[in-house]
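Below is one structure; the comments refer to it alone.
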Amino acid sequence: MSIPTITLNNGVTIPQLGFGVFKIEPDKTKAATLTALEVGYRHIDTAEMYGNEKGVGEAVRESGIPRDEVFITSKLNNGFHAYDDALRATDQTLADLGVDAVDLFLIHWPMPAVGDFVETWRAMEKIYADSKARAIGVSNFQQTHLERLFAETETVPAVNQIEVHPYLTQNVLRAFDSEHDIATEAWSPIAKGEVLDNPVITKIATEKGRTAAQVTLRWHIQRGDIVFPKSVTRSRVEENFDIFDFELSVEDVAAIDGLNRNYRTGPDPDEFNFIPGR
Ligand SMILES: NC(=O)C1=CN([C@@H]2O[C@H](COP(=O)(O)OP(=O)(O)OC[C@H]3O[C@@H](n4cnc5c(N)ncnc54)[C@H](OP(=O)(O)O)[C@@H]3O)[C@@H](O)[C@H]2O)C=CC1
Ligand SMILES: O=C(O)C(=O)[C@@H](O)[C@H](O)C(=O)CO
């Protein structure tokens, strides 16, 4: 099964479907990631915050798949926004993953009340210039945060990774990303499972002979976003991968768009200023 790719604003290509590892225990991450790689995933989304970068790196090495065939994303944790801290934390991420460079590196949260993300972005530009990341981007940035980066720095982020699912369709921010050549990545794409019993989605699933998760992931793919559902259950890892041999109609996509209720499963980026360990 060939996974579609998206070309980022610096020419780097990313598989549109990946595997997320948030909340996978460090000692279970190697096995879970190996399962995803066996099933066919070639894009893994991790973060320093998840405490499981080592397991991801071990799985990629143990899989025997050439490094350049697996796209690895990690994220700079909230306690490392200061310029020198960001550079040091990046080196630690590379050491934990056991790689020379990540494919994509993101500022995990803007933390607007702290207010130092422009300095952090300058560190990201240095990390990119030093070839420690093939592409750099942000996560959980609102339009105002992006506008500050445009005004005060040189590089437009390649990616904005934000919460998106049928109950939080984010069409305004996604359109803003797109106007500025920033690819949107949709985190918690099935809303941590919360959308799977929605009658609009289950009806489409029944009509298509698919599961609600497959319909929801297919909706993301047809809207053009990048997704990386998480599962520690092999049958679900397979199910979530098996979404490229059917299509939703324009009406199906519109019906799922209509489920938006601006509901977040995770923190509001305008209010989240949490620094782990402090
Ligand atoms: N940048 C950021 O701030 C954030 C980024 N992320 C990224 O996004 C990824 C995905 O988001 P996440 O929050 O994990 O949530 P998801 O929307 O991917 O949902 C994961 C949950 O759904 C279950 N599940 C997965 N597939 C199926 C299926 N086919 N049928 C029924 N249940 C299923 C999983 O259970 P089980 O594992 O038990 O099978 C798990 O409980 C993360 O792993 C992380 O990489 C997530 C949150 C914030
Ligand atoms: O999963 C992530 O990438 C996150 O940032 C979350 O852990 C987020 O910080 C959260 O859910 C906090 O409760």
- Task: Answer yes or no as to whether I182 is out of contact with any Phe, Trp or Tyr (no Cβ under 6 Å at 6 or more places or on another chain), within 16 Å of ligand 2 (Cβ to nearest atom), of a type in the set (A, V, I, L, M) and under 12 Å from F141 (Cβ atoms).
- Result: no
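Restricted to segment 127-150, and to residues that are more than 17 Å from A183 (Cβ to Cβ) and touching a residue at least 40 places away in the same chain (Cβ under 8 Å), which residue is surrounded by the fewest Cβ atoms within 10 Å (Cβ to Cβ)? Even if it seems obvious, please write down each step before you answer.
First, pick out the residues of segment 127-150 that are more than 17 Å from A183 (Cβ to Cβ): 127, 129-132, 144, 147-148.
Next, only the ones that are touching a residue at least 40 places away in the same chain (Cβ under 8 Å) stay: 127, 132.
Values: I127: 23, K132: 20.
By that ranking, first place goes to K132.
Among the residues of segment 185-217, which ones are within 26 Å of L146 (Cα to Cα) and either away from ligand 2 (no atom under 16 Å from the Cβ) or open to solvent by less than 10 Å² (accessible area, probe 1.4 Å) (or both)?
Our first condition is that a residue be within 26 Å of L146 (Cα to Cα); within segment 185-217, this holds for 185-191.
Scanning segment 185-217 gives E185, A186, P189, A191.
With a cut-off of at least 1 residues that are within 13 Å of ligand 1 (Cβ to nearest atom) and touching a helix residue (DSSP H, G or I) at 6+ places or on another chain (Cβ under 6 Å), name the strands (runs of 3 or more DSSP E) lying wholly within segment 88-198. Let's see the steps before the verdict.
Details: elements: 104-107, 136-139, 159-163, 183-187.
Because the criterion is at least 1 residues that are within 13 Å of ligand 1 (Cβ to nearest atom) and touching a helix residue (DSSP H, G or I) at 6+ places or on another chain (Cβ under 6 Å), the strands (runs of 3 or more DSSP E) in segment 88-198 that meet it are 104-107, 159-163, 183-187.
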- Residue among A59, A89 that alone is within 16 Å of ligand 2 (Cβ to nearest atom) and touching a residue at least 24 places away in the same chain (Cβ under 8 Å): A89
- Task: Please verify whether segment 101-108 includes one or more residues that are within 15 Å of ligand 2 (Cβ to nearest atom), of a type in the set (D, E, K, R) and modelled with pLDDT of 95 or more.
- Result: no
- Query: Is it the case that segment 55-71 has a residue that's aromatic (F, W, Y) and open to solvent by 60 Å² or more (accessible area, probe 1.4 Å)?
  - Reply: no
- Query: Hey, among the residues in segment 26-52 that are within 20 Å of G137 (Cα to Cα) and open to solvent by less than 10 Å² (accessible area, probe 1.4 Å), which one's nearest to ligand 1 (Cβ to nearest atom)?
  - Reply: D45
- Message: Just to be sure I understand the filter: pairs with C-beta atoms under 8 Å, separated by 6 or more residues or on different chains, first member in segment 163-174 and within 13 Å of Q143 (Cβ to Cβ) and among the polar types (S, T, N, Q), second member part of a loop (DSSP other than H, G, I, E, B) and open to solvent by 20 Å² or more (accessible area, probe 1.4 Å). Which pairs pass?
- Response: N171/N260
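The values are calculated or read from the model by the stated rules, or taken from the named source; none is laboratory data. It should be emphasised that the depicted structure is a prediction, and the values quoted were computed from it without experimental measurement. As a convention, Cβ positions derive from the backbone with ideal geometry for all residues, glycine included, and neighbour counts pool all protein chains shown. Calculation scope for accessible area: heavy atoms of the full protein, side chains included, ligands and nucleic acids excluded. Shrake-Rupley method; radii C 1.70, N 1.55, O 1.52, S 1.80 Å.
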